[in-house]
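Step one of this worksheet: look at the structure below.
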Amino acid sequence: MEKEEIKKRLHTIIDGLKSPLNDMEVDDNSNLREDIGLESIDFLDMILQTETMFNIKITPEEASSCKLVSDFIGLVERKVDENGK
């Protein structure tokens, strides 16, 4: 799967989870918790949707290391690459 397609799909997931009161444009430098406002349950939902969409497994340690959208995109790209090998 192309990196741009992965990025597009992840942005769709994240946009769907952000608070309707938050009209901030999500970009790769957005902080998942502070800028977008993802709470713990939202963060877990993001992980579960991503695991299902890309048929990958993300450990709690890997998930907790993701602060920015770009961190999460990079993690998923690595996992998809590993899964494809």
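Using the Kirkwood formula on the Cα atoms of the chain, what hydrodynamic radius do you get, in angstrom to one decimal?
12.9
On full extension of the chain, what length is gained from D27 through K57, given 0.36 nm per residue of separation minus the C-alpha to C-alpha distance?
Length difference between fully extended and current span is 8.4 nm.
Lysine pairs in the chain with alpha-carbon atoms under 21 Å apart, 8 or more places apart or on different chains: how many are there?
18
How large is ³J(HN,Hα) for each residue in the range 13-19, as worked out from phi by the Karplus curve 6.51 cos²θ - 1.76 cosθ + 1.60 (θ = phi - 60°), to whole Hz, x for Gly and Pro?
4, 5, 4, x, 9, 5, 4
A short reminder: the numbers here are calculations on the coordinates, not readings from a lab. Here the structure is a predicted model, which is why all the values come from computation and not from measurement.
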